[in-house]
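Below is one structure; the comments refer to it alone.
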């Protein structure tokens with residue numbers, strides 16, 4: 001009786017064998033699958049640079065307006081990071097050289113636009129004044145920045161009485177000043193006076209003494225002397241018409257990048273007419289940093 005119970009027919013024996021095979025297969029998968037996945041996973045390429053990228057994104061999120069951050073982060077994310085470090089002068093470096101050092105297109109455009117407008121990187125930390133250049137990039141390239149001594153006007157300072165003859169002059173309105181009038185200021189020669197006026201014309205006028213720091217080759221001591229006698233205002237500024245200007249009219253301004261120019265024109269096409277310059281900030285066409293600098297030079 002017991003022997004008969006334990007006997008299996010051919011079909012039952014085949015079923016038992018299939019079941020045993022499936023149990024062994026499942027156990028084998030559970031045992032070896034984690035090791036297989038671990039061995040076939042590839043490490044992240046350029047791990048250090050990837051972490052720098054994440055740090056940059058976090059820094060941008062904390063320091064600039066979201067519209068500017070989104071644009072700049074997107075540009076940076078699209079670019080494969082391959083950096084080669086070498087000594088360079090940011091005033092003369094080519095776009096290809098800057099790319100090798102880790103600059104993205106947004107940063108390169110802003111730097112070169114500043115240089116072409118007459119600006120000058122006189123010391124390493126001046127790079128941080130360029131919109132888009134962050135501390136993460138600066139930390140990596142700072143040891144390789146090599147800036148030659150700029151050639152500036154030489155001033156023969158004799159005694160205190162001579163210096164007084166420079167400062168005892170009638171106040172000068174910066175936006176109506178001539179080169180001869182500026183040369184009455186102690187520390188300003190023919191070259192510096194011409195550079196100050198060239199940048200004034202490019203801006204559309206100065207409205208604050210801090211803007212003198214953007215002038216090529218102008219030391220703090222000379223800026224200090226200029227602010228003693230110069231008059232600044234916003235009334236005499238040359239303003240760009242947002243509804244009548246073309247691409248070239250906007251992009252030539254030192255504070256308006258190519259990206260911002262395209263954004264303004266696209267917004268104008270969509271709205272048909274811009275009724276107030278405030279719209280550009282309210283509707284996030286311009287980020288807060290750009291808006292604070294350029295708002296004095298725009299009109300509907």
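Quick note: the coordinates plus some simple rules give every number you see, no bench work behind them. Predicted model, so just to flag it, every value in this text is computed and none were measured. Cβ atoms come from the backbone with ideal geometry, glycine included; neighbour counts cover every protein chain shown.
What the table below lists for this structure:
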| read-out | value |
| --- | --- |
| Footprinting exposure proxy for 120, 216 (fewest neighbouring C-beta atoms within 10 Å first) | 120, 216 |
| Ranking of 144, 131, 138 by count of other Cβ atoms within 10 Å, fewest first | 144, 138, 131 |
| Debye-sum result for segment 240-299 in log10 I(q)/I(0), which assumes one identical scatterer on each alpha carbon, at q = 0.14, 0.15, 0.27 Å⁻¹ | -0.30, -0.35, -1.34 |
| Burial order of peptide ranges 270-277, 198-205 (average beta-carbon count within 10 Å, highest first) | 198-205, 270-277 |
| Stretchable slack from residue 295 to residue 252, in nm (0.36 nm times residue separation minus alpha-carbon distance) | 14.0 nm |
| Relative contact order (%) - segment 160-231, alpha-carbon pairs under 8 angstrom, separation at least six | 39 percent |
| Least to most buried among 246, 258 (fewest other Cβ within 10 Å first) | 246, 258 |
| FRET efficiency, 1/(1 + (r/R0)^6) with R0 41 Å, evaluated for residue 179 and residue 241 via beta carbons | 0.90 |
| Cα convex hull volume per residue for segment 160-231 (Å³) | 79 Å³ |
| FRET efficiency for residue 220 and residue 271, using Cβ-Cβ distance with R0 set to 41 Å, rounded to 0.05 | 0.45 |
